[in-house]
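Engineer: Handing you a structure now.
Read-outs throughout are calculated quantities, based only on the coordinates presented, and are distinct from any laboratory measurement. Everything quoted here is computed from the prediction, not taken from an experiment. Reconstructed Cβ throughout: ideal geometry from the backbone, glycine too, with neighbour counts over all protein chains shown.
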Amino acid sequence: MIESLNSPHIARVKALIGSRGTKERRAAGEFVAEGIQCFREAIASNAGPRISTLYLTATARAKLDEFTDLSLLDTFDVSDDVMRAMSETITPQGILAICAIPKDSFESIVLDGKRKFIYLSQIQDPGNAGTILRSADAFGMDAVITSPGSVDMYSPKVVRSTAGSLWHTPVFESVELAPLIESKNLHAFTLGADGSQSLKDFTTSRDCVAIFGNEARGLASDGAISAIDSVSIPMPGSAESLNLSAAASIVMYHLANMRPF
């Protein structure tokens, strides 16, 4: 039982979730996931991030012992005070895992003419990023890809917002847009109020990628963007625009249900 608040285990976790967390996570190749939902998804997934170290309070261990064999994991029992010192949440569930960041490359994805990807360009809000990944999981997208300068998809806030979907949908970070489109010959399109085509009419018979820009600035103007199709979401109501994650969810629903021509 770890009871000391000076334990190096606390320091290890704090380094991964602190103000320099992005740098620490990339250097260590690890991130922190809290709560029973993330734990369930981690042990059930065959392809998602794997748990490298698990910290449990006595209460949490009793719950987990009911449905999994903890002897297969590198597990440490900790006091409630130590768990509170490790956790970013106000009321920890007593379950905290350090997980390995997958090292897969987008190049490993095999295209078949039916693949659907989401590309996030300079997205900054962790809640939006996590919710978009959750929707990508719900609507069967094949991966979520982020540009350089986008929010860290393994930050604690993003991980919590995914509600476990981080273990179902591959994530590829810091991928430049132009080489991505060209190397894979993807049918790329952006979303905009002035799109030349209505989303309800959009269809494709190729692997495609939907591109979403920064919450405040939208997409940067460059050669890669200017040559891409632009679509709009029909909105008969009075609202001028939609929240990024809401708009992305509508697009993903359409992609999941459209009939290829």
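Engineer: In the stretch 8-100, what percentage of the DSSP-assigned beta bridges are antiparallel, given to the nearest 5?
Structural biologist: Details: 10 of 13 bridges.
Taking every DSSP beta bridge with both residues in the stretch 8-100, the antiparallel ones total about 75 percent.
Engineer: What's the percent breakdown of Cα-Cα distances in the chain across 10 Å bins, shortest bin first?
Structural biologist: P(r) over the chain, rounded to whole percents: 7, 29, 31, 19, 11, 3, 0.
Engineer: What order do you get for 29-35, 52-58, 238-244 when each peptide is scored by the mean count of other beta carbon atoms within 10 Å, highest first?
Structural biologist: Averaged packing, sorted descending, gives the order 29-35, 52-58, 238-244.
Engineer: OK, next. Less than 28 Å apart at the alpha-carbon level, and either on another chain or at least 8 residues along: which lysines does that give for K157?
Structural biologist: Those lysines meeting the cut-off are K14, K23, K63, K103, K116.
Engineer: Something else about it: List residues of the stretch 132-157, by number, whose backbone nitrogen lies under 18 Å from a label position 7 Å along Cα→C-beta of A47.
Structural biologist: 133-146
Engineer: Indicate the gyration tensor shape class of the stretch 13-152 (rounded, prolate or oblate), computed on the Cα atoms with a ≥ b ≥ c the square roots of the eigenvalues: a/c under 1.5 is rounded; otherwise a/b larger than b/c is prolate and the rest oblate.
Structural biologist: Since a/c reaches 1.5 and a/b is larger than b/c, the shape of the stretch 13-152 is classed as prolate.
Engineer: Which net charge results when you count Lys and Arg as +1 and Asp and Glu as -1 among the other residues whose beta-carbon is under 13 Å from that of H254?
Structural biologist: Values: positive: K116, K200, R259; negative: D201.
So the environment of H254 carries a net charge of +2.
Engineer: Straight-line reach from K184: which aspartates and glutamates have a Cα under 13 Å away, not including same-chain ones fewer than 8 places off?
Structural biologist: Within reach: E107, D112, E176, D207.
Engineer: Here's something else I'd like to know. Taking the Cα centre of the chain as the origin and placing charges on Cβ (Lys, Arg +1; Asp, Glu -1), which of I17, Q93, Q122 is farthest toward the positive end of the dipole?
Structural biologist: Ranked along the dipole, the leading option is Q122.
Engineer: A further question on this structure: Which value, in debye to the nearest 20, describes the size of the charge dipole of the stretch 8-100 about its Cα centre when Lys and Arg Cβ atoms bear +1, Asp and Glu Cβ atoms bear -1, and nothing else is charged?
Structural biologist: Magnitude of the dipole: close to 460 debye.
Engineer: Dipole magnitude of the chain about its Cα centre, charges +1 at Lys/Arg Cβ and -1 at Asp/Glu Cβ only, in debye to the nearest 20?
Structural biologist: 100 debye
Engineer: Between rounded, prolate and oblate, where does the stretch 135-214 land on the alpha carbon gyration tensor, with a ≥ b ≥ c its root eigenvalues, rounded for a/c under 1.5, else prolate if a/b exceeds b/c? Can you show the working numbers first?
Structural biologist: Details: a/c = 1.73, a/b = 1.51, b/c = 1.15.
Taking the square roots of the gyration eigenvalues as a ≥ b ≥ c, the stretch 135-214 is prolate.
Engineer: Still on this structure, please answer the following. Roughly how many Å is it from the Cα centre of the stretch 152-218 to that of the stretch 233-250, as a whole number?
Structural biologist: 16 Å
Engineer: So what does the Cα-only Debye profile of the stretch 1-70 read at q = 0.23, 0.25 Å⁻¹, as log10 I(q)/I(0), no solvent term?
Structural biologist: Log10 I(q)/I(0), no solvent term: -1.17, -1.24.
Engineer: Hey, with R₀ at 22 Å, roughly what FRET efficiency would T89 and A27 work out to, going by the Cβ-Cβ distance, to 0.05?
Structural biologist: Step by step, r from the Cβ atoms, then E = 0.35.
Engineer: Right, next: Which distance in nm do the two modelled labels at L72 and S183 give, with both placed 7 Å along the Cα-to-Cβ direction?
Structural biologist: 3.4 nm
Engineer: Cα gyration tensor of the stretch 106-257, axes a ≥ b ≥ c as square roots of the eigenvalues: rounded (a/c below 1.5), prolate (a/b > b/c) or oblate?
Structural biologist: Rounded.
Engineer: When Lys and Arg each count +1 and Asp and Glu each count -1, what net charge do the other residues less than 12 Å away from A58, Cβ to Cβ, add up to?
Structural biologist: Residues near A58 contribute -2 overall.
Engineer: Separate question: Given Cα positions, please report Rg to Rh for the stretch 87-176, the hydrodynamic radius being the Kirkwood one.
Structural biologist: So for the stretch 87-176, dividing Rg by the Kirkwood Rh gives 0.98.
Engineer: If you take every DSSP beta bridge whose two residues both sit in the chain, what share of them, in percent to the nearest 5, is antiparallel?
Structural biologist: Looking only at bridges with both residues in the chain, the antiparallel portion is about 30 percent.
Engineer: For the ranges 132-138, 122-128, 101-107, what's the packing order if you count other beta-carbon atoms within 10 Å of each residue, average per peptide, and put the highest first?
Structural biologist: Packing order, densest peptide first, comes out as 132-138, 122-128, 101-107.
Engineer: Using a 10 Å cut-off around each Cβ, can you sort F212, F67, F117 from fewest to most neighbouring Cβ atoms?
Structural biologist: F67, F212, F117
Engineer: Report ³J(HN,Hα) in whole Hz for each residue of the stretch 68-75, in order, from the Karplus equation J = 6.51 cos²θ - 1.76 cosθ + 1.60 where θ = phi - 60°; Gly and Pro get x.
Structural biologist: Values, residue by residue: 8, 8, 6, 5, 7, 10, 7, 10 Hz.
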